[in-house]
Every structure is written in C-alpha cells, then in structure tokens.
1. Would you point out which residue out of B:GLN333, B:GLN250 is more than 14 Å from chain A (Cβ to nearest Cβ) and either assigned to a helix (DSSP H, G or I) or in contact with a helix residue (DSSP H, G or I) (Cβ under 6 Å, 6 or more places away or on another chain) (or both)?
2. I'd like the full set of residues that are without any contact (Cβ under 8 Å) to a residue 60 or more places away in the chain and either within 14 Å of another protein chain (Cβ to nearest Cβ) or open to solvent by 30 Å² or more (accessible area, probe 1.4 Å) (or both), limited to region B:485-511.
3. Quick check on this structure: which one of A:ASP160, A:ASP153 is touching a Pro at 6+ places or on another chain (Cβ under 6 Å), in contact (Cβ under 8 Å) with a residue 24 or more places away in the chain and either within 12 Å of chain B (Cβ to nearest Cβ) or at positive phi (or both)?
4. I'd like the residue in region A:94-118 that is closer than 17 Å to A:TYR136 by Cα and buried (at least 22 other Cβ atoms within 10 Å of the Cβ) and, out of all such residues, is nearest to the other protein chains (Cβ to nearest Cβ).
5. Restricting attention to region B:329-352, report how many residues are touching a strand residue (DSSP E or B) at 6+ places or on another chain (Cβ under 8 Å) and either surrounded by fewer than 20 Cβ atoms within 10 Å (Cβ to Cβ) or closer than 10 Å to B:LEU14 by Cα (or both).
6. Just to check your reading of the model, which residue among A:ASP217, A:ASP266 is modelled with pLDDT of 90 or more, among the acidic types (Asp, Glu) and out of contact with any helix residue (DSSP H, G or I) (no Cβ under 8 Å at 6 or more places or on another chain)?
7. Going by the conditions given, is A:VAL123 of a type in the set (A, V, I, L, M, F, W, C), over 15 Å from B:LEU335 (Cα atoms), assigned by TED's automatic domain parsing to the domain that holds A:THR187 and modelled with pLDDT of 95 or more?
8. All but one of (1) open to solvent by 70 Å² or more (accessible area, probe 1.4 Å); (2) within 19 Å of B:LEU364 (Cα to Cα); (3) not polar (S, T, N, Q) hold for B:ARG20; which doesn't?
Amino acid sequence: MALLVADKVGVWRGAGPGRRQVVRDVSLQVASGELFGLLGPNGAGKTSLLSVLSGLEVPGSGEVWLEGKPLAQTHPGRVGLAPQDLAFYGNLTGRENLEFAGQLYGLAGATLRDRVERLLASVGLADSAGRLANTYSGGMQRRLNMALALVSDPAILFLDEPTVGVDPHSRNLLFEQIRDWNSGGLTIVYISHYMEEVRELCPRIAIMDHGQVVACDRVETLLARERGTLRALLEGEIAADLPGRLGLIPLGIQDGWASWSCHEPDRIAPELVRLAEQAGCRVRRLETRPADLQQVFLGLTGNALRDE
Amino acid sequence: MNEPVRFERLLSALWSKEWRLLIRDSRSLLLLVLLPLVFILVLGVLLGEGFGRKADDRIRVSVVDLDPSDSQGFDGKSWGYWVREDLRQTSDIVLEILPDLETAERLVASHRRAAVMVIGPDFSQKIQACSFLSDGINPFVRDGVAMDRVGVRVIKDPRQIATAGVMEQVAQVSLLRVVLPYMIGKAFERLSDPDFIDILAKNVNLPVPPALKIVLRKDVITLSELLAMASAGNEDLERSLRAKAGAGVQKSISTQFSRYNLLGKTWATLTRSQATGGATEADYIDEGGRGLFNRGAARYQLLVPSYTVLFSFLLVMLVGSLVVAERRQGTWQRLRLAPLSPGLLLVGKGLPVLAISVVQGILLLLAGKLVFGMRWGPEGMPMAWQVAQLLPVVLCVSLAATGLALLAATMARTELQVALYGALPALVLSLLGGCVLPTELFPESSRWIANCTPQGWALLAYRELLDPDPASTPSMATVGQGCLALLGFAGVFLAGAWWNLRRLWRAGASA
C-alpha cells in the first residue's frame, strides 16, 4: 500500500514575468516501510518537491496524500523532515533541542524524557546530550538533525542531503542508522545528488531533472537498461561470432585485453568464460564494470548527473 | 500524539527556547547593559552642570551669606540680607545662594564657579560701624568699597580671572549701593543730634546788630551764645531750641536736595527709585555630584533614562539576528512543520524579548541609583511609590521596543538588513526623540519631532518622574500620556510584525 502519493504535483517560483515552474507534474508513490531515493543534480527541483511532499508548501498544482488522506489534513507530526540546512539551535544542548521539538508536538513529562533519551541513544549522542549543539562535530550535528526529525514519531522521514559535510566514517554511521530505522518499519525518502549513496541505500529511486521525474523504478531495473563494460585478458583467439551471440559490442583490444560493452556484464561474464574455453581460448583474467546511475541518467537525459 | 497541542504548552515551549537562546547570547546581553552604562559613565564624568538646559548667557553671582540673620542691621534684617536683596534686584544676573563656605571653596577650586562672594559673619557689625565720622570705619577706597574692611571677600578661580573680575565688580556695586545710603542716612540723622548742633552752634559766628553791641560788648556772637541767651538759662528750652535748629538744618538740606531722601539708608529710598528688573534667583543645588563618577550629579537624571531608552530599542539587533538566523537555517522549516501559527510564534518570541527588555530597563535604573546616585523620584517620596511609578514606564518602553525589534526582525532577511531596518531606524528615532541630545537643546520649531518617536514619549514619561529638581512633583497625567503613546507605538509595531510573519509563514520555502 502506498503511504505517500504525489499526483501531478507542480511548483512555481517567483512572480510576474520571472515566474517559472520548478516542479513539473511529478507523480510518484512511496510504499509503507520503503527506503526510497530521490536523485537528481543540483537545481533539479528535489528540494522544491520535498517542500511539497513534507507539507512545508502547498503545491501550485496537483495533490499530495499521506496515509490515505490529503497531506494538509494529516497531523503535522506524521511527517519528519531533516532539512539539508542543519535545523537545530546551536545555543541549545542536544537534549534541549530534542525536548523543544518534542514539546512542539505535545510531548511532555516522562513521555518526552523517554522519547528524547531513546533518540539520543539511537544516534549515539547520549554522552554529549548536555553539550551545546554548536560544539558538535559535523557528523554529530547531522545525527542530531535526523533525531530531531524523528521526535514526533513520524510515519515518513524525509532526509535531504544528510551527508553534506560529513566525513566517510560518520557517513557510514549515518547509513547504518538509516538502515536500522528503515528495518524498524520507518518509511524514508532519501534525497541526494550523490548517486552512489542513493544506490547503496535505496532499492527504489526516482531520478529528477529540470523539475521532472525522468525515471522511477528499482535500481537494478534502471541499471539493467544501460550497458556496462566487460574486459578479458585472453590466451588465443575467440570465435568471431561469440560476442554477437552474447550481445557484446566490441570496444577494442589493447595490451591483450579485449573490451566489450553489454547489458548486465556480471551475468554475462561466466557465460563468456564458458563459451570461450569451449572454443579453446583461455580467459586468464576478467573484469566487469556494471552500468552506473551516471550512465542511467546520461541515457535518460543526455546530460551528465553532475555528481560531486 | 495526534491530539491538538494545547496553546499554553506551545507557548511554554517557545518561551523556554527563546529565553535560553537570548540569555545564552551573553556578549549581546552584556552589550545591552554594559554599553549604556559606559556611555552614561563617560558622559556623566565629562559633561558639566546644566546638561540638558539651554546655556544662560547672564552672569551668575554666587553668594555665601555667613552674616547671622539676627545680626543688627536695618529694618530688622541683617546687612547680609540687604546685600542679597540688592543683588536680587539687579537685572540680568543669576543670583545663586550657596549654603556654606565649604561648598563655595569646593566649587571654585574645582573651577565650577569663577568666583564666589563671601559675606562674613561680622558683616552687619562692620557695616553698623561704617561712618563718615573719624571714629567709624571708612569703607571706601579708590575702587569702591574696601571689602576686607567690611568683612566681605571674593574667592576667585585663578583660571577664570575675567569672569571673576566681572563678578567682583557686580559685588562692588552692590556693596556700594548698600553701604553708601546707610552712611549718608546715618550722617544726615546726625544733623539733629545735640552734639552736632553743639559743634554747629559753636562754629557759627553771627555779627551782633549795632543796637546790641553796647549790651553785649562784642561785634560777633556764636549761635551757641545766642541760643543760651534766648533760653534765658532754661536748659529745657535751650535743648528745644537746639533741636529746632537741627531740624531746620535737616529740612533746609532736604529741601535743597529734594530729589533725594537723605534719611533713606537704602538705595531705593535714597534715590527715590524702584528697581526696574530683578535677578533670577536660584538656590544652589549640588548638580555636580561627588567622587570619581560625580555620584548624584543632576545630569544622571537625564543620562540614565536617555540611554536606557536608547539601548532598549537597540534590542532589535539581538532579536533581529536570532530571527534572521532562524529563517536562514532549517529551524524555520521545522517551526513551520510544527502545529504553530504566526500569531503564536510572535507571542512566543515576543514574551522573552519583553522580559529581557524589562530586566535591561530595571538593571540600568538600578545601576543609575546605586552607581550614579540618581533619584527615582522627588525627595521625600517613599521608595515603594517611586518604584510603582517607574515600573509601568519601564514596561511600556519595553513593549514598544519589543514591537519594533520584532517588526524589524520579520522584515530583515540578513544581518545587514537587521542593521538597516532595525538598528539604523532605532538610532535615528533615538536621536530625534532626544536620547542623545535633550530636546531642550533642539530649536523650538523642531521639538515636535520628538513626539513622533516612541523614544520621545518614553523620555517624556521618564523625565517627568526623574526630574533633576528634587522638589518637583511629577504630573501623573504627563506620565500616563507618555505610557499611552508608547502602548500605541507597541500596538502598531506588533501588528506590523504579525502581518510580516504571517506573510513569511505563507510564503513557504521561498521566504
């Protein structure tokens, strides 16, 4: 069942002659318990779409539904948002930030304390909860930012570029945390322009460009559309018709390495070895490079994803 | 969790968050309290007396009268009184009566007075002894009255010789107007004195008529002999005749010099003239203060409220930067996702600001009292009543300042805009309202501008309560007028802030 439904959502910015549409008739669905990725280059309209999906902004056109109800009619606490900008008060401690956020959603007393302590523990900030947030490291600040989005016990959590300015170690910790929350049943929409992050975390993604969703599917399905690369160091000649039979497109031979372009190179590689050796050609080494999201994006839009 | 959150809980959450953020910005808070104190201190030390009043071009004659009021003088009053009275009737001067010699010496030593005329404790006694007779004190010298001979001295500041010289001349003239008529009157009285008639009678030689020469056997006879002959040995009659002779002489002289009343003993009666003007008289009030900080100086009654008001409105810097920071960060989005309304957010942000402003006002007034020795009201008014009068003004000023701070904060998108929309207008309004330069120093035609600013009304109320004159009774109508105007400004500012905030709230992510 779809938890979140966006139906032909349009968002406009500016006024008068400068008014422009930044999100164009976007429709998508996010299932309950899903970890969904929203990928696109800077300026693609991801954050504008996020504003509408999270309820920060009413769409100029179209509708957004959450848990079967129009988003405007759902309780504000059902949506958790960890914006790209760090959304906490630097001059409050981590605990005070969480307490304030909880109080805004009506939590009080023991319930509030329990929720705050549980969240602090879950993001690894229990020991530093009494420190002012502006003394936290970049990773700790990101974790606090995410914890704040969860204080209202939301049905869906939007994470907007959660790894900006975070070192690799902290990023891995964040990923573990996101996976934990998701495995606990929390629906998460992960927004980023880092395609490898999205690929690593999200089984299903939507790719945006110029305000439109240009693709929305499972990652494997999207990758299967594009050709990867297969390279083999051969001893002897392979049959001339072999590449054609396997759907390989020759890219050339260099220093004994033959290269082909193909769909799903990891699936084809064992077949290539088997058939080559049957024909008396020994494959001494083999390398595969599957298609990546960059290629997917390039294939869909004709533009590079501008990954940074 | 899905129940609507109660209003008071949301307000309490916002209050505690904003309060913590405000009080943890310790540098800004220190500036809000310390900076005005520094301004007040520096100006309090540097500025002279009379700050806040238009400069008086008239010469100030300061007098200490040590002559006891029960001394024998004229018309039941001491001669010191008559000198003061003469100065009081002198046009175009300001007469200042100092309480004691110590004050006089201190004021001159500290260059706050160019000179002080000291009427000594034996002044009446010495004036009584002044006479044209050889056995009396002759007070006159080439320059006028020899002050030392009548127990008067002028303490002069060597750095202000010219002003002191002018003041000494005023004192000279005044003494002359007191001493000379008295001596003339006293001398004229002597014309009927038996001793004088005796001297006169012995010295007036009259020719003896020829018919009497045989009887008297002399050609010349003195008036004294003539009166003795006329009284035929009757002593009472002779005394009576001598008195008549004296009265005759007096009357003759009076008739001869009819424009003057030679018996007058005062300048007015002697010259048969009345003073056409008079001095402005001021009892000395120690406006200069004491000690390193000039504690108790009258100018603190102006400086403390002025800078309290000025810095109340500079709260806009602190509030503006916090609100701008919130709008620029994700916390603004978080607030918008929460079950809040613009009105509730405004109240939640405004209340802690108001509290900070009230605390700031109270602290500055408290420092004014404890550090600078200012009064919180007229002398003699109970402290509780003084506080009860001041607190509503503090609250009204804080409300207006909070309103302006929130209005500017909701208009600005950047810290620079906070300065442009908040601090700059606050400073200009403070300037126009009289916080920097008292409105008394404005041209008459420009004073109305102060009434267009909340600062002007705030100062009107404060200064009514904190009048430098310790005897002044504040007009509650004026204070109430100031408070009402401040509440009006607060209402307009808060309405503007609410309208702005509502617009931002609706504008969504693009705000």
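The values are calculated or read from the model by the stated rules, or taken from the named source; none is laboratory data. Keep in mind the model is a prediction, meaning the values are calculated, not measured. All Cβ positions, even for glycine, are placed from backbone atoms using ideal geometry, and neighbour counts span all protein chains on display. To get the accessible areas, we keep the full protein, side chains included, count just its heavy atoms, and leave off ligands, DNA and RNA. Shrake-Rupley method; radii C 1.70, N 1.55, O 1.52, S 1.80 Å.
1. Answer to the selection: B:GLN250.
2. Filtering region B:485-511 for residues without any contact (Cβ under 8 Å) to a residue 60 or more places away in the chain gives B:485, B:488, B:495, B:499, B:503, B:506-507, B:510.
Residues satisfying the conditions are B:GLY488, B:ALA495, B:TRP499, B:ARG503, B:ARG506, B:ALA507, B:SER510.
3. Values: A:ASP153 fails: touching a Pro at 6+ places or on another chain (Cβ under 6 Å).
Unique residue meeting the criteria: A:ASP160.
4. Initial filter on region A:94-118 (closer than 17 Å to A:TYR136 by Cα): A:94-98.
In the following step, the residues that additionally are buried (at least 22 other Cβ atoms within 10 Å of the Cβ) were identified as A:94, A:97-98.
On the way: A:GLY94: 13, A:ASN97: 9, A:LEU98: 12 Å.
Among those that are closer than 17 Å to A:TYR136 by Cα and buried (at least 22 other Cβ atoms within 10 Å of the Cβ), it is A:ASN97.
5. Counting residues in region B:329-352 that are touching a strand residue (DSSP E or B) at 6+ places or on another chain (Cβ under 8 Å) and either surrounded by fewer than 20 Cβ atoms within 10 Å (Cβ to Cβ) or closer than 10 Å to B:LEU14 by Cα (or both) gives 0.
6. Numbers: A:ASP266 fails: modelled with pLDDT of 90 or more.
Only one candidate qualifies: A:ASP217.
7. On the way: of a type in the set (A, V, I, L, M, F, W, C): yes; over 15 Å from B:LEU335 (Cα atoms): yes; assigned by TED's automatic domain parsing to the domain that holds A:THR187: yes; modelled with pLDDT of 95 or more: no.
It is false that A:VAL123 is of a type in the set (A, V, I, L, M, F, W, C), over 15 Å from B:LEU335 (Cα atoms), assigned by TED's automatic domain parsing to the domain that holds A:THR187 and modelled with pLDDT of 95 or more.
8. Result: B:ARG20 fails condition (2) only.
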